[in-house]
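One structure is given here, and the rest of the page talks about it.
The values are calculated or read from the model by the stated rules, or taken from the named source; none is laboratory data. If you're wondering where the values come from, they're calculated on a predicted model, not measured in any experiment. For neighbour counting, all protein chains shown are included, and Cβ atoms are generated from backbone atoms with ideal geometry for every residue, glycine included.
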Ligand code: BV8
Ligand code: ZN
C-alpha cells in the first residue's frame, strides 16, 4: 500500500471539511509526562495497568492516590508543548477539528483546544465513590490522601479505570467523529487499549484517510494512509505551517 508523506498530508488538511484526531500519552511525552508503556510506564514497580483499576483502589486506596497525586504534581509542573499548541491552532484555523483524547492530563485544554472529548476522564476531577458527587480540584498536591467527600465517602480520581466502561455520551460522540472525519489523525498512541484503539479502523472503514504520527510503529501503521515517523511536537507544527 502506497504511504504518503508530509506534503501530501498538509494538502489533505487544507482541503478537508472535517478532521478528527485521537491522541495518547505520546503527545505529552515532550512535556515531561511519562507514557504508560514507555520507560516511565512503571511507578514503584507497579505496572500502570495494575494501579488504574477499581480492584487496586478497593485493595489500597492510599497507594492508588499516592500514584495519582504524584502524576498530578508532575502535570501541574508541565506545560503544553508545540504538539498540543499546533492542534489548538488547527482547531482555531479550521473550526471543524474534533479532538478525542485518551490523556487525563488536561494539557490540551491548557493549550487552548476547546472541542475535546476526554474518553478516559480527567485527573483534575474527583468523584465520590459513595454519593457520586463530582468536583474539580486543581491543587497539585492534595492536603489529605485519600481525599473524602462532604458525605464522608472516599473520593476517587475522575478517570476511567481498566475494566470500567467509558462515559457513554462522550464515547458515542467519539465514534461519530471517527465516522464523519475525512482525515483521522492518530497521534502518540500505541493503539492497544480498547475501545479507543478501534477508532482508527472505524474511521478508515468509513472512508477517512488515516494519518499516524508516532516515533514508532503501532498496529495502526498497517492500514494508515500516511505514517509520519517522529515526535508529535516536531511534526504537528510543520504540518500546520502553510508557509512551508
Ligand atoms: C472497557 C485512564 C468495557 C486512567 C486509561 C478488547 C481487546 C483486549 C482488551 C480489551 C478489549 N476490550 C476491553 C479490553 C480491556 C481493556 C484493554 O484495552 N486492555 C488492554 C491493556 C489490552 N480496556 C478497558 O478496560 C476499557 N474499558 O473496555 O470497558 C469492558 C469492561 C470489562 C471487560 C470488557 C469490556 C477501559 C480502558 C481505559 C483505561 N484507562 N487511562 C489513567 O490514566 O490513570 S488507559 C491509559 O492507557 C491511557 O488513557 C491510554 O488509553 C492507555 C495508554 O496508551 P497510550 O496513550 O497509547 O500510551 P502508551 O504509553 O501505551 O504509548 C505511547 C505511544 O506514544 C507509543 O506508541 C510511543 O511510540 C509513542 N510516543 C512516545 N513519545 C512520542 C510518541 N509519539 C509521538 N511523539 C512522541 N514524542
Ligand atoms: Zn459523597
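Residue count for the stretch 186-199, restricted to those that are closer than 14 Å to residue 101 by Cβ and not in a loop (DSSP other than H, G, I, E, B): 5. Scanning the stretch 127-185 for residues that are within 21 Å of residue 22 (Cβ to Cβ), more than 16 Å from ligand 1 (Cβ to nearest atom) and assigned to a strand (DSSP E or B) turns up just one, 183. The criterion of at least 3 residues that are more than 10 Å from ligand 1 (Cβ to nearest atom) and at pLDDT 95 or above is met, among helices (runs of 4 or more DSSP H) falling completely within the stretch 2-105, by 54-59, 61-77, 82-94.
Filtering 125, 150 for residues that are closer than 23 Å to residue 195 by Cα and within 16 Å of ligand 2 (Cβ to nearest atom) leaves a single hit, 125. For the stretch 45-55, filtering for residues that are in contact with a helix residue (DSSP H, G or I) (Cβ under 9 Å, 6 or more places away or on another chain) and without any contact (Cβ under 8 Å) to a residue 40 or more places away in the chain leaves 5.
Kindly indicate whether any position in the stretch 204-218 is closer than 22 Å to residue 16 by Cα, assigned to a helix (DSSP H, G or I) and at pLDDT 95 or above.
Yes; the residues of the stretch 204-218 include at least one that is closer than 22 Å to residue 16 by Cα, assigned to a helix (DSSP H, G or I) and at pLDDT 95 or above.
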